[in-house]
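Only one structure is covered here, and it is reproduced in the block below.
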Amino acid sequence: MVFDKGSFPPASHKAPLIELVSQLLQQAHEKRASDIHLEPLEKELRIRFRIDGVLNEVQRLPKKLERAIISRLKMMTGSMNIAERRLPQDGRFPLKLNNHLIDVRAATMPTTHGESMVLRLLDPASHLLGLSQLGLEADDQQTLQHLLQQPDGLLLITGPTGSGKTTTLYGCMKELQQTACKIITVEDPIEYRLAGINQVQVKEEIGLTFPIVLRAMLRQAPNKIVVGEIRDQETANMAITASLTGHLILSTLHANDAASTMARLQEMRVAPFMIASGVRAIIAQRLVRRLCPHCKEPTTWSNYEKKALGLKDHSNCDSPPMKPVGCSQCHKKGFHGRIGLFEIFILNEEIRRHLQNQQPFSLLQRHARAQGIRSLLDDGMLKIKAGLTTAQEVISNTLFYSH
């Protein structure tokens, strides 16, 4: 049974708690939610689903059900302490829904009005995408495939939290699966398990850290190494050093764009000449909501959109943008799924020389634009003209990073 907003069984019905939790998980999966947020308020428990990156309130349940629901979900993990409500906890459990095996990650946090819990739903069948499904333009996909064939160097995937970095990283790993090479990953956590790839889970509590695993990897004679995320100075320096000794390294980094990526590496005390020597390319990315193909309609450019997107002449406005409408296929939202915007910043010899001479990062960006490298905003414009997303989606996700 699937519930719409306001249709969870009220407490007076005395529905079994186990059934209530099961229905909540079922509804979240069928609505394509990536997260379930259970948020304690003063007098109610608010339940929200994150769908296509946007939180939607689903229901508010009586406060007296709060502890029972949280405790039930903790018990499902088999590792969380139901009696401990003062400290954050993490856990996970497998769940079979509609013949799909879902991996559910649970995390709690004590708040003023009780324990908040977030459940992240990971469905390999729907989220483990190949390069052709990420939203890359044809030439960018060819460029990325070419980069993955290189024998060495560091390939960084960057963006803020929730921008799809891990999805792109796994897309690259799927591409590498087809090649006759040894691939080792170090991740925290391992999001999806891939056949034929040696995946290592970080365990900080026993001293199995990113640097220690990375150091051990180099003695395993791999061809390609995947570091889930570069978080500190030691990992950054080791990754770049490994990239200079005959290994192709793939990793992610929290940064807004290519220029800020290099600044971030320097903040981690990686020398400019090391960055110039080791980094092959930086992929900056964002996620925007994809218009529902069943109900989108043409609209007109607003003056704000023209100004924000730099549409200064009528030739750039020939293709009318599309707008969301809402139908049964998209649950009246007007959007269905998300698509990536990408900037692939390749460090050529001139950029490396500028970097070694510690030229301003803005100069590196201008040089990249002169070389024809598309910015996030440029890629967004292509998606708008193709009717895949809206001008507002592109503006809100790229405006502060592409000028």
Quick check, is Pro222 without any contact (Cβ under 8 Å) to a residue 40 or more places away in the chain, open to solvent by less than 20 Å² (accessible area, probe 1.4 Å) and not β-branched (Val, Ile, Thr)? no
Mind listing whichever residues of region 97-111 are within 19 Å of Leu45 (Cβ to Cβ) and touching a residue at least 40 places away in the same chain (Cβ under 8 Å)? Val104, Thr111
Looking for something of a type outside the set (A, V, I, L, M), modelled with pLDDT under 90 and out of contact with any helix residue (DSSP H, G or I) (no Cβ under 8 Å at 6 or more places or on another chain) - is there at least one such residue anywhere in region 67-83? no
Residues that are farther than 18 Å from Ala281 by Cα and among the small types (Gly, Ala, Ser), drawn from region 363-403: Gly380, Ala386, Gly387, Ala391, Ser396
So, in region 68-83, of the ones that are of a type in the set (A, V, I, L, M, F, W, C) and assigned to a helix (DSSP H, G or I), which residue ends up most open to solvent (accessible area, probe 1.4 Å)? Met75
Only residues that are crowded, with 19+ Cβ neighbours inside 10 Å and over 28 Å from Pro160 (Cβ atoms): list them for region 26-58, please. Gln27, Leu45
Going residue by residue through region 262-273, is there one that turns out to be part of a helix (DSSP H, G or I), surrounded by 18 or more Cβ atoms within 10 Å (Cβ to Cβ) and either of a type in the set (A, V, I, L, M, F, W, C) or touching a helix residue (DSSP H, G or I) at 6+ places or on another chain (Cβ under 7 Å) (or both)? yes
Does at least one position in region 320-340 carry a residue that is modelled with pLDDT of 90 or more, closer than 30 Å to Ala263 by Cα and open to solvent by less than 70 Å² (accessible area, probe 1.4 Å)? yes
Within the group Ile384, Ile373, Ile395, Ile339, which residue is under 30 Å from Pro272 (Cβ atoms) and β-branched (Val, Ile, Thr)? Ile373
Residue list for region 274-294, restricted to those being outside any strand (DSSP E or B) and open to solvent by 10 Å² or more (accessible area, probe 1.4 Å): Met274, Ser277, Pro293, His294
Between a residue in region 347-365 that is in contact (Cβ under 8 Å) with a residue 24 or more places away in the chain and any residue that is outside any helix (DSSP H, G or I), which pairs come within a Cβ distance under 6 Å, given they are 6 or more apart or on different chains? Leu347/Val279
Against the condition part of a strand (DSSP E or B) and in contact with a helix residue (DSSP H, G or I) (Cβ under 6 Å, 6 or more places away or on another chain), how does Ile249 come out, does it pass? yes
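The values are calculated or read from the model by the stated rules, or taken from the named source; none is laboratory data. The structure displayed is predicted, hence computed values, not measured ones. Every residue, glycine among them, receives a Cβ derived from its backbone with ideal geometry; neighbour counts consider all protein chains shown. These accessible areas exclude ligands, DNA and RNA; they are computed on the full protein's heavy atoms, side chains included. Shrake-Rupley method; radii C 1.70, N 1.55, O 1.52, S 1.80 Å.
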